[in-house]
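The values are calculated or read from the model by the stated rules, or taken from the named source; none is laboratory data. Because the structure is a prediction, the values reported are computed rather than measured. Neighbour counts run over all protein chains shown; Cβ positions are idealised from the backbone, glycine included. The protein model used for the area step is the full one, side chains on, heavy atoms only, and it has no ligands, DNA or RNA in it. Shrake-Rupley method; radii C 1.70, N 1.55, O 1.52, S 1.80 Å.
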Amino acid sequence: MMMDELLAILPWVLTLTMLVLWAWSERLRRIQNIKLTNLMGKDSLTGLSNRRNFLELAAREINRSQRFSNPLTALIIDVDDLRHMNNVYGTIGGDLALKHLANACRQSVRDFDLIARFSGEEVALVLPDTPLDGAIVVAERIRKKSAEQRISMPDGLEFTMTVCIGVAQTKNEMDSLEDLLLAADLALQRAMENGPNKVMY
């Protein structure tokens, strides 16, 4: 009788073991993908450049703009009320909002413009050979795309989001990348104070 019972549960034990092994291998695969994307200079959630890679490329652009006296602008974008989105729609909703912003940025800029996930809820851009008025046009395009397109959750629920954007341009040949990003960040703070859904420069 004991042997019959063991034979009866053996398929279940084997199935459970296979599921555990599969889940473990999937977890390892995801970890390896995250490590690989980090090595490639990419943010694993949005596919944008990560902060370190962005800062390296942006430093080259600021040197080039100073060498040839070309305008250079930066945008820093913050998702309005991302914490509220995470509370209402869960972290899946927050992640979808960041992916949505990344796509809005990609659709609004040229191939050689730099885009990165700059921090948890911020995306930064550097626009070579672009004066302030041109960067404001890009910022408005991103702001409108972010607000107009709906975000769909896996369960079919939809929501919209807005962003605040700070824009800045290098003022002289002595400006560093840190100066440019600080100016964009200060403009972002003003946008957030006057927001939501604002562009300030």
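Over the chain, give the accessible area per residue in Å² for a 1.4 Å probe, as an integer.
Working: 11930 Å² over 201 residues.
For the chain, the per-residue accessible area is 59 Å².
Which angle from 0 to 90°, rounded to the nearest 10, does the C-alpha axis of helix 2-39 make with the longest principal axis of the chain?
Here the helix axis deviates by roughly 10 degrees.
Can you tell which of Met174, Met85, Met161 shows the greatest fluctuation in a Gaussian network model of the chain with Cα springs below 10 Å?
Met174
Which one of Ser25, Ser108, Ser176 has the biggest mean-square fluctuation once the chain is modelled by GNM with Cα springs under 10 Å?
Greatest mean-square fluctuation among the candidates belongs to Ser25.
Need one number: nm distance between label points at Leu16 and Phe68, each 7 Å from Cα along Cα→Cβ, rounded to one decimal.
Output for this residue pair reads 6.6 nm.
Rounded to the nearest 20 debye, what is the charge dipole size of the chain about its Cα centre when +1 sits on each Lys and Arg Cβ and -1 on each Asp and Glu Cβ? Before the final figure, lay out the partial values.
Details: 23 positive and 26 negative charges, 83 e Å.
For the chain, the charge dipole is close to 400 debye.
Would you mind checking which residues have amide H under 5 Å from Lys42's amide H? H placed 1.01 Å from N; only 5 or more apart, or other chain.
The answer is Asn50.
Using 0.36 nm per residue, how much length does the chain from Leu186 to Asp111 gain when fully extended, once their Cα-Cα distance is taken away?
24.3 nm
Check each of the chymotrypsin sites (Phe, Trp or Tyr not before Pro) in region 83-179 and keep only those in coil by DSSP with at most 13 other C-beta atoms within 10 angstrom; list them in order.
Listed in order of number, the matching sites are Phe112.
What list of ³J(HN,Hα) couplings, whole Hz, do you get for region 184-195 from phi and the Karplus terms 6.51, -1.76, 1.60, once you set θ to phi - 60° and write x for glycine and proline?
Here the 3J(HN,Hα) series is 5, 5, 5, 5, 4, 4, 5, 4, 5, 5, 9, x Hz.
Can you list the aspartates and glutamates whose alpha carbon is less than 14 Å from that of Lys42, not counting same-chain residues fewer than 8 positions off?
Within the straight-line cut-off, Lys42 pairs with Glu56.
For the pair Asp133 and Met174, what calculated FRET efficiency results from E = 1/(1 + (r/R0)^6), where r is the Cβ-Cβ distance and R0 = 25 Å, to the nearest 0.05?
Plugging the Cβ-Cβ distance into 1/(1 + (r/R0)^6) gives 0.65.
For Ala8 and Arg150 in one chain, what is 0.36 nm times their gap in residues minus the Cα-Cα distance, to one decimal in nm?
Values: separation 142, 0.36 × 142 = 51.12 nm, distance 5.09 nm.
Taking 0.36 nm per residue and subtracting the Cα distance, the gain is 46.0 nm.
222 nm [θ] for the chain, helices only, -39500 (n - 2.57) per DSSP H run of 4+, per residue, to 500? Could the numbers behind the result be given before it?
Values: 5 runs with 118 residues, N = 201.
Calculated mean residue ellipticity at 222 nm is -20500 deg cm²/dmol.
Classify region 114-175 as rounded, prolate or oblate, taking a ≥ b ≥ c as the square roots of the eigenvalues of its Cα gyration tensor: rounded when a/c is under 1.5, otherwise prolate if a/b is larger than b/c and oblate if not.
prolate
With the full set of protein chains in place, find how many percent of the accessible area of the chain is carbon and sulfur; take the probe as 1.4 Å. Write down the numbers at each step before the final one.
Values: 6900 of 11930 Å².
Percent of accessible area from carbon and sulfur atoms in the chain: 58.
If you build a Gaussian network model of the chain, linking Cα atoms that sit under 10 Å apart, which residue out of Thr160, Thr15, Thr170 swings the most?
Maximum among the listed residues: Thr15.
What's the center-to-center distance, using Cα atoms, between region 41-73 and region 113-170 in Å?
16
Out of these labelled values of percent of Cα pairs over 21 Å apart, (1) 63; (2) 74; (3) 59, which was calculated from the coordinates shown here?
Identified label for the calculated read-out: (3).
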